[in-house]
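Data block below; observations after.
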Amino acid sequence: MEKRVDKVVIVGMGYIGLPTAALLAKNNIEVTGVDINKDVVETINKGQVHFYEPDLDEYVKNAVETGKLKASLKPESSDVFLIVVPTPFKEVHEPDISFVESAIKTISPYLKEQDLLIIESTSPVGTTEKMAENVYEQRPELKNKISMAYCPERVMPGNVMYELENNDRIIGGIDEQSTEEAILFYKNFVKADLHKTNARTAEMCKLTENSSRDVQIAFANELSLICDKADINVWELIDLANKHPRVNILQPGSGVGGHCIAVDPWFIVSEYPLESKIIGSAREVNNYKSFWCAEKIQNAKLNFELKNGKKPSIALMGLAFKPNIDDLRESPAKYIAQKVMQSENDSHIMVVEPNIEEHAVFKLTDYKKAYKEADIVAFLVNHKEFSELEYDDNKIILDFCGVFKK
Ligand code: SAJ
């Protein structure tokens, strides 16, 4: 059974909020998408998108054309409210929930009895209970009269429209009634299983998922540092170890980036520093890997100079935070490129990013041209285009992400 809702207000029209709005609209639910950015609101109301995600443009165009989706700077009365705003961290690696707090403040005047309020933003443990108190402070008459739940998003950029419908969801209310109400709501558009828990466990579940991936990548990155010293091909080693039925090691790279995996583990570490030793160390190992890559490039350059008596030309292959996307947010490759370029104003450095045509800061070079011309080639991201290149023994190749793994 699903509970038919007529109307949903979603606060935050970003990477998750907008796709969710468009999917709800496709399921015949009227959606108002609220955002503080006027340009974003105008773009959506024209039936257009303000970032790239496969198929999203078509979904939004149809949703706006059929009148099911509109964007606005202000919320309005609704049956269900969804909070999907960012939760960054402050400089000391403490979560900053001010966007969630301010979203709650903005919608509180519009709430009425029987409404359902769901937070999807990644949040430290206890946030949903705290936000319930904030609502009751503003609207004491609503105490125990509305439902509130936490349901983390868990979609992978690049595959959002599919995963929104087909990934299992974890749903935790501040009480049992809230959990039940939220489950009925997600049944409107999620085809996969919906798992019940309480709000605190659901919050911790999101942090656990991304911390688990971070720890596993850190293990692979640590192995890559050991193998570099031990003169062992780390890619071959991992392939072989993974032949064991109960071993499944991930791939090393130039570090961990993006807005989720490099951020969420800090939400656990900042609150439970004594207990979260492995989670904290994983963050350090993954950050150190990027620093190590930059040092390797600089050392290769010095060795080249000593041997050849001239400055090398260097190709930095890839800038995105992971393969086959154009997103540079929290990108380790971008960090490495900046670090190498800062200390290298006299070498010829070519920066490559096949998924971006032009960049305001980096002058980009075609990947084939850069590979052909460079003396030192550092692969920072394993983009699919690079697999067309042939290994060249005459170059110094620093393959940080397994482009030529044998
Ligand atoms: N990476 C490696 N080695 C690997 C896998 C990834 O170095 O073997 C690196 C990538 O290059 C990238 C970083 O890790 O720099 C993160 O990439 P990712 O593909 O692991 O994850 P994201 O950030 O795109 O999305 C993650 C997903 N979480 C998990 O897989 C547990 C996604 O499901 C979440 O919804 C998303 O975070 C989020 O929004 O929290």
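The values are calculated or read from the model by the stated rules, or taken from the named source; none is laboratory data. This one's a predicted model, so the numbers in the text were calculated from it and none came from an experiment. Neighbour counts run over all protein chains shown; Cβ positions are idealised from the backbone, glycine included. What goes into the accessible areas is simple: the full protein's heavy atoms, side chains included, and nothing from ligands, DNA or RNA. Shrake-Rupley method; radii C 1.70, N 1.55, O 1.52, S 1.80 Å.
The condition of being within 21 Å of VAL160 (Cα to Cα) and touching a helix residue (DSSP H, G or I) at 6+ places or on another chain (Cβ under 7 Å) holds for VAL31.
Take the conditions more than 22 Å from HIS259 (Cα to Cα), buried (at least 17 other Cβ atoms within 10 Å of the Cβ) and acidic (Asp, Glu) and apply them to GLU133. Does it pass? It is false that GLU133 is more than 22 Å from HIS259 (Cα to Cα), buried (at least 17 other Cβ atoms within 10 Å of the Cβ) and acidic (Asp, Glu). Selection of segment 89-109 for residues being part of a helix (DSSP H, G or I) and open to solvent by 70 Å² or more (accessible area, probe 1.4 Å) yields PHE99, LYS105, PRO109. Criterion applied to VAL49, VAL5 was being at pLDDT below 95 and β-branched (Val, Ile, Thr), and the one residue passing it is VAL5. Filtering segment 39-53 for residues that are assigned to a loop (DSSP other than H, G, I, E, B) and basic (Lys, Arg) leaves a non-empty set. For ARG246, the conditions (1) touching a residue at least 12 places away in the same chain (Cβ under 8 Å); (2) away from the ligand (no atom under 11 Å from the Cβ) all hold with the exception of (1). When each of ILE16, ILE10 is tested for being open to solvent by 10 Å² or more (accessible area, probe 1.4 Å) and within 22 Å of the chain's Cα centre (by Cα), the lone residue that passes is ILE16. In the condition set (1) open to solvent by 30 Å² or more (accessible area, probe 1.4 Å); (2) more than 8 Å from the ligand (Cβ to nearest atom), ALA192 is compliant with all but (1). Within segment 212-243, being in contact (Cβ under 8 Å) with a residue 60 or more places away in the chain and part of a loop (DSSP other than H, G, I, E, B) holds for one residue alone: ASN233.
Answer yes or no: is there a residue in segment 252-265 that is in contact (Cβ under 8 Å) with a residue 12 or more places away in the chain and not in a loop (DSSP other than H, G, I, E, B). Taking every residue of segment 252-265 in turn, at least one turns out to be in contact (Cβ under 8 Å) with a residue 12 or more places away in the chain and not in a loop (DSSP other than H, G, I, E, B). Within the set VAL285, VAL256, VAL263, the sole residue that is closer than 24 Å to PHE386 by Cα, within 13 Å of the ligand (Cβ to nearest atom) and of a type in the set (A, V, I, L, M) turns out to be VAL256. Taken over segment 23-36, the criterion of being part of a loop (DSSP other than H, G, I, E, B) and either without any contact (Cβ under 8 Å) to a residue 24 or more places away in the chain or crowded, with 20+ Cβ neighbours inside 10 Å (or both) is satisfied by ILE29, ASP35. Every condition in (1) basic (Lys, Arg); (2) in a loop (DSSP other than H, G, I, E, B); (3) within 16 Å of the ligand (Cβ to nearest atom) is met by LYS334 except one, and the failing one is (2). Of all residue pairs spaced 6 or more apart or on separate chains, those with beta-carbon atoms under 7 Å, a first member in segment 312-341 that is touching a residue at least 24 places away in the same chain (Cβ under 8 Å) and surrounded by fewer than 17 Cβ atoms within 10 Å (Cβ to Cβ) and a second member that is aromatic (Phe, Trp, Tyr) and not in a helix (DSSP H, G or I) are ASP326/TYR52; ARG329/PHE321. What are the residues in segment 219-257 that are crowded, with 17+ Cβ neighbours inside 10 Å and of a type in the set (Gly, Ala, Ser), if any? If the condition is that a residue be crowded, with 17+ Cβ neighbours inside 10 Å and of a type in the set (Gly, Ala, Ser), then ALA220, SER224, GLY253, SER254, GLY255, GLY257 are the ones that fit. For segment 110-120, the set of residues classified as touching a Pro at 6+ places or on another chain (Cβ under 7 Å) and crowded, with 20+ Cβ neighbours inside 10 Å consists of GLU120 only.
Residues in segment 142-180 that are of a type outside the set (Asp, Glu), assigned to a loop (DSSP other than H, G, I, E, B) and away from the ligand (no atom under 16 Å from the Cβ): LYS143, ASN144, LYS145, ILE146, ILE174. Quick check on segment 63-75: of everything there that is open to solvent by less than 60 Å² (accessible area, probe 1.4 Å) and out of contact with any helix residue (DSSP H, G or I) (no Cβ under 6 Å at 6 or more places or on another chain), which residue is nearest to PHE267 (Cα to Cα)? Only one residue fits best here, namely SER72.
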